[in-house]
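J.: Before I ask anything, let me first share the structure, which is written out below as structure tokens.
The values are calculated or read from the model by the stated rules, or taken from the named source; none is laboratory data. Just so it is clear, the model here is predicted, and its values are computed rather than measured. Positions of Cβ are generated from backbone atoms using ideal geometry, with glycine treated the same way; all protein chains shown enter the neighbour counts. With ligands, DNA and RNA removed, areas are computed over all heavy atoms of the protein, side chains included. Shrake-Rupley method; radii C 1.70, N 1.55, O 1.52, S 1.80 Å.
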Amino acid sequence: MPSSCDPFVDDIEDIASSHDPTAHQRQFSRQSVVPRVRKRKEHLPGEELQADSVIPGTQKVWVRTWGCSHNNSDGEYMAGQLAAGGYKMTGTCVDTHTHSSQPCIMKASEYLSANVGKKAQEQNKKVVVAGCVPQAQPRMDYLKGLSIIGVQQIDRVVEVVDEAVKGHSVRLLGQKKDNGRRLGGARLDLPKIRKNPLIEIISINTGCLNACTYCKTKHARGDLASYPIEELVERARQSFQEGVCEIWLTSEDTGAYGRDIGTDLPSLLWELVKEIPEGCMLRLGMTNPPYILEHLEEMAKILNHPRVYGFLHVPVQSASDSVLMDMKREYCCDDFRRVVDFLKDRVPGITIATDIICGFPGETDEDFQETMELVKKYRFPSLFINQFYPRPGTPAAKMEQVPAQVKKQRTKELSALFHSYNPYHHKIGERQHVLVTEESFDAQYYVAHNKFYEQVLVPKNPGFKGKMIEVDIYESGKHFMRGRPVVDAKVVTPSITQPLQRGEVSGLSQDSCQNGFHASPDSTLKISRSWSLDSEGLKLLSVGCALLAVIGFFIFEKLY
């Protein structure tokens, strides 16, 4: 077995001894230990404490995530497992011992990961990288010598962090299968620490069926692998029992759900809405046009359901069929128009969000003008504009590139068009029911959403948080409306129980206990509180992007 001074080990199995206790055993055994009270030795000012060895599970951990909601869900699961393994979660990287990163496929997020990781190493902090980048590009220069975790191995984050604390570099990138079938990812019943205790993010499947020429995420997430309906329904049911009032369904392509296990998205959604308490809401994630086309009738019925947001994210990427063909998007622009027109007709007021890539290889001025005309016609209230960036190893990176200045100019023109209209001005004077779930970035308002998942800012009244309230819209901006609470209107509490405190570990179900989390029902609340975050809480930074990825940072500090 390698010594602790070996710089690199191929896999964690090369290190772990059969005599080493697991993280769960370590945490469970601590409950039966009665410490002896001893007088603490006084240390002189400036005197450094000495220790003979590093004991995993006695450090502080910082988890940071960039990317999509799928990635945020992965980050929440990793934070929960680390807390359950005995690590103390923190919201800052100051005075820490080890640093771990989980980077995003998008260029901006990847740069942030490399930059933050480099700074952590300069401060002698150990770094662990998890997610799409190490899975798809494990040989990148900035990953050399770092411990990395693949997208299907997040349930083993405690083991990897344990070894990182000891000074080992380990790599865990394998695929998980059951009887030859690729699994969707980690179990849904793992402990997690929600970024927002009121919102549960559930990944319904991983991977996708497409092979887009610009996409690197497929290299990381692989082919479609869906979770069974009964597991997803149970996760939703448990979330509501923990005080959640809003559920987000996420994946690389929610529309493709179930094709690998003999079911489909509408079948899942009809089962889920049965579990949604009155006043709680469900939000659907991104779906590509080909997989929503065959379910338009059922999807319209579901989106009209009072407990489902009338919102759908359908990326078009380009209005030019020739560009779509080069992207291998497997649909034409008329398919996209059919989806939008049908849903706008059957779900009055629906919000359609979309993505557009400017300057894809081979895109002509005429191609770009088709895209501009599409935006002028539909005036999308939510539009994600991306300047094309060639990802190494993708077919699009080998195509003849559009000059950088042209890409920049087209991105500027499309952005100017998007900002030329106000999608909410006509709603001033309306009375709406909104669900309050978040705090605004400037901490001046609470953020609520109406039936169509449009953002409504309301006064920061603590009594509104997690409640469904009625407001009169009196002002609108490009991305929001402002609402004035209706006097004497009924305030609805949609959650069926008191929400978890910020930083508490969720997901400690009976099944979890049988699989290693030995907490009795009576002790769960006490244990969860003992694992809660410090006062700063868990900070997750979300960077909007069309491609999925994840970046997280774990930082450790010795506790004496």
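J.: With a probe of 1.4 Å, find how much accessible area the stretch 390-516 has per residue, and write the answer as a whole number in Å².
T.: Numbers: 6760 Å² over 127 residues.
Heavy-atom SASA per residue in the stretch 390-516 reads 53 Å².
J.: Which pairs break 25 Å Cα to Cα here: Lys88/Lys467; Lys407/Lys451; Lys301/Lys451; Lys60/Lys192; Lys195/Lys412? The partial results should precede the final answer.
T.: On the way: Lys88/Lys467 31 Å; Lys407/Lys451 36 Å; Lys301/Lys451 14 Å; Lys60/Lys192 17 Å; Lys195/Lys412 33 Å.
Result: Lys88/Lys467; Lys407/Lys451; Lys195/Lys412 exceed 25 Å.
J.: Could you check the spin-label model distance between Tyr421 and Gln401? Points 7 Å from the Cα along Cα→Cβ, value in nm.
T.: About 3.3 nm separates the two model spin labels.
J.: Above 17 Å lies some portion of the pair distances; for the stretch 416-496, what is it as a whole percent of all C-alpha pairs?
T.: 42
J.: Further question on the same structure: Kirkwood Rh over Cα pairs of the stretch 236-359 into Stokes-Einstein at 10 °C, 1.306 mPa s: D in µm²/s? Numbers along the way, then the final one.
T.: Values: Rh = 15.3 Å.
Rounded to a whole number, D works out at 103 µm²/s.
J.: Let me ask another. Taking only the alpha carbons of the stretch 327-486, what extent do you get along each of the three principal axes, in Å, biggest first?
T.: For the stretch 327-486, the Cα spread along each principal axis is 57, 35, 27 Å.
J.: May I ask you to evaluate 6.51 cos²θ - 1.76 cosθ + 1.60, the Karplus curve with θ = phi - 60°, for each residue of the stretch 470-487 and list the ³J(HN,Hα) values in order in whole Hz, giving x for glycine and proline?
T.: 10, 9, 9, 7, 10, 7, 9, x, 5, 10, 7, 10, 10, x, 9, x, 6, 4
J.: Next up: Can you list residues whose amide H is under 5 Å from Gln387's amide H, if they're 5+ apart or on another chain and H is modeled 1.01 Å from N?
T.: HN-HN under 5 Å from Gln387: Cys358.
J.: For all pairs of alpha-carbon atoms in the stretch 181-421, what percent lies in each bin of width 5 Å, listed from the first bin to the last filled one?
T.: Result returned by the calculation: 1, 6, 13, 16, 17, 16, 13, 9, 6, 2, 0.
J.: Place the peptides 155-161, 341-347, 478-484 in order of packing, highest mean first, counting for every residue the other Cβ atoms within 10 Å and averaging per peptide. Spell out each step's value before the answer.
T.: Working: 155-161: 24.3, 341-347: 15.4, 478-484: 17.6.
Result, highest mean Cβ count within 10 Å first: 155-161, 478-484, 341-347.
J.: Hey, can you grab everything whose amide H is under 5 Å from the amide H of Ala130? Only 5+ residues off in sequence or another chain; H modelled, so Pro and N-termini drop out.
T.: Ser101, Gln102, Ile149, Gly552
J.: In whole percent, and with a 1.4 Å probe on the protein chains, what portion of the accessible area of the stretch 349-392 is carbon and sulfur?
T.: Numbers: 830 of 1650 Å².
That share works out to 50 percent.
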